[in-house]
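Bear in mind these aren't lab numbers, they're just calculated from the coordinates by the rules spelled out. On a predicted model such as this, the values are computed, not experimentally measured, just so you know. Every residue, glycine as well, gets a Cβ built from its backbone with ideal geometry; the counts of neighbours run over all protein chains shown.
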Amino acid sequence: MAERGGIPNCRCWGRRSFVKDWGRSGGRKIGKDWMGCRFDRVFYGRSSVGSNCCILSMAHEEKSKSTVLESSKHKSVPIFVMMPIDILGVDTSGAPKIRKAKALTMSLKALKLAGVHGITVEVWWGIVERSSPLNYDWSLYEELFRMISVSGLKLHVSLSFHSCTRSSSGKGVLTLPSWIVEVALSKYSLIYVDRNGLSNGDYLTLGVDQMPLFCGRTALQCYEDFMFSFVNKFDSIMGSVIEEVSIGLGPSGELRYPAHPSADGRWRFPGIGEFQCYDKYMMEDLKRVACQEGKPEWGDDGPRNAGGYNSVPPGVPFFEEGRESFLSDYGRFFLEWYSGKLIYHADAILGKAANMLKKYQDNASGSVLLVAKIGGIYWWYHTQSHPAELTAGYYNTAMRDGYDPLASVLSRHGAALHISCLEMIDSETPSNYRCSPEGLLQQIRTVSNKRIIHLTGRNANERFDKAGLLQIVTNCYQVEAVRSFTYFRMNDKIFRVENWNNFVPFVGRMKSEL
């Protein structure tokens with residue numbers, strides 16, 4: 001079997017365009033909203049690192065591959081709207097299908113008329129490579145992308161290597177590929193495990209990134225092969241229809257650990273969360289790195305005094321000042337290793353993705369922006385230790401900028417940084433939980449400017465009120481405008497008259513020069 005970079009090359013998909021006959025939408029009247037709910041007809045004018053690499057060992061002098069940001073000045077911010085999870089259903093044979101396609105078509109036309117630029121679509125690993133390794137079925141997304149393009153909308157594609165067990169309607173449960181699940185059940189500890197042995201199947205543990213446990217492939221090779229298949233399949237619309245591609249790097253597609261699992265009730269806001277490093281392979285790596293440091297005892301366990309999921313500071317010794325805290329030699333060692341694993345993971349995957357997308361950067365029909373997402377962990381931000389961020393894998397404290405090393409990796413690969421919480425205001429968060437979404441966003445904006453990378457974002461919570469939408473506009477246009485904004489997400493609420501009457505002017509304002 002031919003090899004490509006050490007990875008089996010058994011791909012045989014063609015390059016025939018599936019979009020050459022696509023038409024253009026022309027309707028101006030909309031009779032029904034998303035999923036068949038009625039709304040009034042709308043008429044309006046146009047608005048116009050290696051696995052043992054610690055953070056501190058990373059070089060920061062590398063030259064950025066990012067396109068130099070235009071200093072002002074994206075005068076407008078393109079709006080994408082994220083597709084609902086439960087748009088994907090299952091037919092009688094068990095195969096995935098698009099639910100209520102006619103209602104979706106009308107909703108897409110309504111969004112286009114409102115001035116929305118494009119749609120964000122999560123492309124699920126568990127759907128495309130569902131039944132067997134290297135057996136990719138893109139037919140569902142061919143149909144969905146065609147519907148979106150015919151409506152005159154662009155695409156932000158989010159390659160999703162995680163599972164999703166929740167949606168607002170209780171539908172749309174999506175798992176990892178069935179063959180991956182079978183491998184995980186037959187082998188020990190391929191998913192994240194906490195101190196008490198409770199597992200989390202949202203994403204494969206970083207410990208198996210380089211382990212050939214998946215029918216001869218490592219986890220990183222599985223991700224690379226999937227990306228390679230995607231780029232080849234949709235080559236003809238890259239840059240013209242597909243404008244942004246984000247690469248899933250962890251739970252919810254974000255580069256982080258699943259430190260705050262709310263689906264099973266283990267965690268509730270504003271708990272600090274727990275470290276997720278107790279699977280077999282992560283612990284073996286910790287032991288190896290500790291031995292290299294000449295401190296083998298540091299590899300026996302994670303922090304034993306870090307509290308539980310729903311602990312709050314103060315009162316948790318590891319997150320306070322003291323001999324056995326995050327400021328101790330052991331604390332620094334552990335946090336550098338824990339966060340360094342995330343940085344290496346991002347570096348490895350984004351490097352492969354950047355190489356695949358390189359040929360579209362100077363494409364005559366338009367370039368493709370590579371995007372990486374991070375979590376918006378804003379509670380306990382106004383503390384010394386930032387405990388909720390530390391358990392999520394961001395070694396960010398009052399004394400240390402933990403996002404700069406991440407931004408450095410993104411800069412090296414020409415990737416934009418995507419963060420949620422753009423609708424949030426400090427004054428609307430509980431003061432006793434020391435929250436600061438605005439402070440977090442300002443820090444992210446600062447490191448993005450320093451590393452000369454684009455910033456994109458979305459809202460974390462649905463906001464249809466004028467104050468919430470105005471806050472999004474404000475955050476998107478602070479100093480340098482964000483490259484794009486994703487509204488999270490499409491559902492029946494957005495088309496209700498009282499919400500639609502706020503949403504349409506919001507889109508218009510985001511499109512206008514400020």
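Structural remarks
- D (Stokes-Einstein, µm²/s), Kirkwood Cα radius, the stretch 88-141, 1.002 mPa s at 20 °C: 164
- Among the listed pairs 352/373; 295/341; 154/341; 187/341; 295/352; 233/450, those with a Cα-Cα distance over 25 Å are 154/341; 295/352; 233/450.
- 5 angstrom amide H check on residue 191, placed H, neighbours 5+ away: 205
- Proximity of backbone amide H atoms, modeled 1.01 Å from N, is registered between residue 489 and no other residue at under 5 Å, excluding neighbours fewer than 5 places apart on the same chain.
- Less than 5 angstrom separates the built amide H of residue 416 from those of 370, 371, 372, all sequence-distant by 5 or more or on a different chain.
- With R₀ fixed at 51 Å, the C-beta to C-beta distance from residue 98 to residue 321 puts the FRET efficiency at about 0.40.
- The stretch 469-514, dipole about Cα centre (Lys/Arg Cβ +1, Asp/Glu Cβ -1), debye to the nearest 20: 120
- Net charge in the neighbourhood of residue 211 (other residues with Cβ under 15 Å of its Cβ; Lys, Arg +1, Asp, Glu -1) is 0.
- Sparse packing (at most 11 other Cβ atoms within 10 Å of the Cβ) combined with a DSSP loop state is found for none of the trypsin sites (Lys or Arg not before Pro) in the stretch 448-490.
- As a length-normalised measure over Cα pairs under 8 Å and 6 or more apart, the relative contact order of the stretch 426-514 settles at 27 percent.
- Three-way shape call for the stretch 352-454 based on the alpha-carbon gyration tensor, with the a/c threshold at 1.5: prolate
- 12 Å beta-carbon shell around residue 222, net charge (K/R +1, D/E -1): -2
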